[in-house]
Amino acid sequence: MSNIPWWKTSVIYQIYPRSFQDTNGDGIGDLRGIIDRIDYLQWLGIGAIWISPIYPSPMVDFGYDVADYTDINTIFGSMADFDELLLQAHQRNIKVIMDFVPNHTSDCHPWFVESRRATSSPKRDWYIWKDAKPDGSPPNNWRSVFGGSGWEWDAPTRQFYFHAFHKAQPDLNWRNNDVQEAMFNVMRFWLDRGVDGFRVDVMWHIIKDELFRDNPPNPEYKESQPPYDQLLPVYSTDQPEVHDIVAQMRQIADGYGDRVIIGEVYLPIQKLMEYYGPNNEGAHMPFNFLMLRLPWHAPEIAAAIDQYEGALPTEGWPNWVLSNHDNPRIASRVGEAQARIAAMLLLTLRGTPTIYYGDEIGMRDVAIPLEEQQDPQGLNMPEKNLSRDPCRTPMQWSADEYAGFSKVQPWLRVDKKYPRINVQQQQNDAYSMLTLYRKLVQLRNDEPALNHGTYTPVYSNDQFIAYRRDAPGADSFFIMLNLTSRPCRYSQPPSDTLKGQVIIATAPEAEGMDIEKDIYLNGDEGIVIRLTAP
Ligand code: NOJ
C-alpha cells in the first residue's frame, strides 16, 4: 500500500486536548499527556492524530479563539513538548494534524487589538468593520452561530465588527491580501516544523458576500432549532471565492509533499463536493458529516452512503465521521448496542475514518448541570440544549479516581460510569467496545480491500444494510449490519451465493462461523465476512 498517500490509508483519531490526559495536575489535559498515551494509540492501530487547537488563547471558545497562531498555550505545555510529541508520534508512524483556525482570531490577538485601536489603523481592514445603518442598527441581519447578532458595536471607534461565532472571535477579512499572506505563513510555520497537515476550521465561512446583503429567512425554520437557523446563511458563508483560498492552502501543503488539508464543512452533499475543488485542487478531504445528522435508519443510511459515493468527484477520496467535539457522541445518539454497529460501519466503509477520542470505549454524553457548564454555545442559549460540554468530558482511562485522567478534579466532570467503562478494563475484555474497535482498525490497516478497495452496495431493507469491499488480487469482504434490535435475514440469491467466514462480529461468538446461504443476524448485530467465493 506504499504508493497510496497515508491520509487515505490511515485511521484518524481526534484528540480534544483539554480532555485527553492531564499530567501536570491542573485538571486540564496537556501535550505530555498525549505523549504518555501515544503507545495506546499505536496499540489501537491509529495512523494519524488531529489535535483540537493548542495555541495561546483566552479559551472563550476553548482554543478556537486563537491569540497567537505560532506558539503553544502554556496550559498545554511548551513548544519543546510539541516537538517531542511530533517526534514520538512520527517514531511510531503516527502523523500529526494541527487544527488551523483561519476564519477568526481571538479579540485578544495583537492583530485585532491593533485593528480595533482606530479606524485609521493599518490593520483596520484585517477584520470586517462596518458603519451602523442610519438608525444605528447593525449593517445587515447576519447572525452569530452562538446566538444573537453577528455584529458587535465598538463604541470608541463607532463601527461594528463581524463575528460568525462569539463576539470574542472577530472574523478576519480574507479579501485582504496581507491577511491571506499572514495566514499562509502560519501554515508554513507548522509545516516547516514537521506537521503532516491541517484540519481547517469552518472552511465554508472564510469569505463573505462582498456586498454584505441580508440573508433570507429560512422557510423551514422550527422553534426547536438554534436561532441561527432562522436565516439561510447564503451570503455570509459558502461564497464562490472561498475555493480559490482553499486551493492556495492546498498548494502550500502540497509544496511540502505528503501533507493533508481536511476541511470542516457542514453543507449538503452537492455543495460539499465543491470543496474538493475543480480537478481535485481543493481540500484533500472535506469532512463528511452525513452520519452526524442522519436518522439511524437503514434505508436512510444506505441511501446516504450511495448519494455520497455517487457525488464524489473523480479522484475525490471519501471520509467518514461519527462524532466530534461539536456534536453528540454516537453512543448517545444511537445507544450502546448500535454504537457497535456504527463502529463497524465507520471502519469498513470506503474512505478515511475519524474516531473521536473515547468513542472507542463507548463513551457517552454526560449531563452537565447548568452551574458547571462552560461552552459558550450552550450558555448563550440555555433553553435549546446546545451545550457541547457533554461530549467533551475527560477520557476514561481506568477505574482510578477521576478515571485516571487527572489527579485532581477535572475541568469538566467525568462520567460516573467510568469504573465500568474505561480503557484499562476494556483492554482485557474480549467482548468490549475497545476490543471490537481494535480488531476493526487492525483489519482495515491490513486488508487492501477494506483499506482502499471498492465499495459495492449489495442489499438493504428496512432493517439492515449489506455491502462488499474488493481490491484486485486481495481478499474480498462482505459486511452486513443490522440497524435494528430485531433479528433479520438476508436471503442470498441462489445464482450468486456468497461463501466465506465471519472474521469480526459485534457478538464475537459469531466469529469463525461459515456462511454459505441465508445469513441470519440477531438484533444489534453486525458481521464482517472474509469471502472465499465468488
Ligand atoms: C468549529 C469548531 O469545531 C467549534 O468547536 C468552534 O466553536 C467553531 N468552529 C468556531 O471556531
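Within segment 92-105, one or more residues are within 18 Å of the chain's Cα centre (by Cα), at pLDDT 95 or above and open to solvent by 10 Å² or more (accessible area, probe 1.4 Å). Number of residues in segment 144-181 that are outside any loop (DSSP other than H, G, I, E, B), surrounded by fewer than 21 Cβ atoms within 10 Å (Cβ to Cβ) and within 16 Å of the ligand (Cβ to nearest atom) equals 1. If the condition is being within 16 Å of the ligand (Cβ to nearest atom) and among the polar types (S, T, N, Q), then segment 89-105 contributes Asn103, Thr105. Screening segment 195-301 for helices (runs of 4 or more DSSP H) wholly inside it with 1 or more residues that are among the charged types (D, E, K, R) and within 30 Å of Leu483 (Cα to Cα) returns the ranges 269-273, 290-293. When segment 53-81 is limited to residues that are touching a helix residue (DSSP H, G or I) at 6+ places or on another chain (Cβ under 6 Å) and either within 23 Å of Gly404 (Cβ to Cβ) or of a type in the set (A, V, I, L, M, F, W, C) (or both), the one that is farthest from the ligand (Cβ to nearest atom) turns out to be Asp81. Looking across segment 66-116, just one residue is touching a His at 6+ places or on another chain (Cβ under 6 Å) and not polar (S, T, N, Q), and that is Ala67.
Name the single residue, out of those in segment 398-407 being part of a loop (DSSP other than H, G, I, E, B) and of a type in the set (A, V, I, L, M, F, W, C), that is least open to solvent (accessible area, probe 1.4 Å). Working first, answer last.
Taking segment 398-407 first, the residues part of a loop (DSSP other than H, G, I, E, B) are 398-400, 405-407.
With of a type in the set (A, V, I, L, M, F, W, C) added as a condition, the list becomes 399, 405.
Numbers: Ala399: 57, Phe405: 0 Å².
Result: Phe405.
Applying the criterion of being open to solvent by 10 Å² or more (accessible area, probe 1.4 Å) and part of a loop (DSSP other than H, G, I, E, B) to the residues of segment 373-397, the residue that is farthest from the ligand (Cβ to nearest atom) is Asn385. When restricted to residues that are more than 16 Å from the ligand (Cβ to nearest atom) and either polar (S, T, N, Q) or surrounded by fewer than 19 Cβ atoms within 10 Å (Cβ to Cβ) (or both), segment 320-339 contains 5. For segment 68-83, a residue qualifies if it is open to solvent by 20 Å² or more (accessible area, probe 1.4 Å), of a type in the set (A, V, I, L, M, F, W, C) and touching a residue at least 24 places away in the same chain (Cβ under 8 Å), and exactly one does: Ile75.
Considering Gly63, Gly33, Gly25, the condition of being at pLDDT 95 or above and under 22 Å from Leu379 (Cβ atoms) is satisfied by Gly63 alone. List, please: which pairs have Cβ atoms under 9 Å, are six or more places apart or on different chains, and start with a residue in segment 377-390 that is touching a residue at least 60 places away in the same chain (Cβ under 8 Å) and over 17 Å from Lys167 (Cβ atoms) and end with one that is among the charged types (D, E, K, R) and more than 12 Å from the ligand (Cβ to nearest atom)? Qualifying pairs under 9 Å: Pro390/Arg329; Pro390/Arg364; Pro390/Asp365.
Examine segment 106-114 for a residue that is away from the ligand (no atom under 16 Å from the Cβ) and of a type in the set (S, T, N, Q), and state whether such a residue exists. No, segment 106-114 contains no residue that is away from the ligand (no atom under 16 Å from the Cβ) and of a type in the set (S, T, N, Q). Just one of the listed residues (Tyr275, Tyr308) is surrounded by 14 or more Cβ atoms within 10 Å (Cβ to Cβ), within 20 Å of the chain's Cα centre (by Cα) and more than 20 Å from Leu346 (Cα to Cα), namely Tyr275.
When restricted to residues that are under 25 Å from Gln492 (Cα atoms) and open to solvent by 50 Å² or more (accessible area, probe 1.4 Å), segment 431-459 contains 5. Picking from residues in segment 112-135 that are in contact with a strand residue (DSSP E or B) (Cβ under 8 Å, 6 or more places away or on another chain) and closer than 22 Å to Thr70 by Cα, the one that is most open to solvent (accessible area, probe 1.4 Å) is Arg116.
Per the conditions (1) away from the ligand (no atom under 16 Å from the Cβ); (2) under 25 Å from the mean Cα position of the chain (by Cα); (3) open to solvent by 50 Å² or more (accessible area, probe 1.4 Å), the sole criterion not satisfied by Leu86 is (3). Scanning segment 39-56 turns up at least one residue that is open to solvent by 20 Å² or more (accessible area, probe 1.4 Å), of a type outside the set (Phe, Trp, Tyr) and out of contact with any Lys or Arg (no Cβ under 8 Å at 6 or more places or on another chain). With respect to the conditions (1) open to solvent by less than 70 Å² (accessible area, probe 1.4 Å); (2) of a type outside the set (D, E, K, R); (3) closer than 20 Å to Glu360 by Cα, Gln424 lacks only one, and its number is (1). Considering (1) part of a loop (DSSP other than H, G, I, E, B); (2) buried (at least 17 other Cβ atoms within 10 Å of the Cβ); (3) not hydrophobic (A, V, I, L, M, F, W, C), the lone condition that Lys416 does not fulfil carries the number (2).
Of all residues in segment 209-251, those satisfying the criterion of being surrounded by fewer than 18 Cβ atoms within 10 Å (Cβ to Cβ), in contact with a strand residue (DSSP E or B) (Cβ under 7 Å, 6 or more places away or on another chain) and free of Cβ contacts under 8 Å to residues at least 60 places away in the same chain are Pro216, Pro217, Asn218. Restricting attention to segment 277-296, the residues that are out of contact with any Leu (no Cβ under 8 Å at 6 or more places or on another chain) and in contact (Cβ under 8 Å) with a residue 40 or more places away in the chain add up to 4. Please work out if Asp61 is among the charged types (D, E, K, R) and under 19 Å from the mean Cα position of the chain (by Cα). Yes, satisfied.
The values are calculated or read from the model by the stated rules, or taken from the named source; none is laboratory data. Note that the coordinates shown come from a computational prediction; the quantities given were computed from them, not determined experimentally. Note: ideal-geometry Cβ built from the backbone for every residue, glycine included; neighbour counts use all protein chains shown. Ligands, DNA and RNA are stripped out before the accessible areas are found, and what is left, the full protein with its side chains, is counted by its heavy atoms. Shrake-Rupley method; radii C 1.70, N 1.55, O 1.52, S 1.80 Å.
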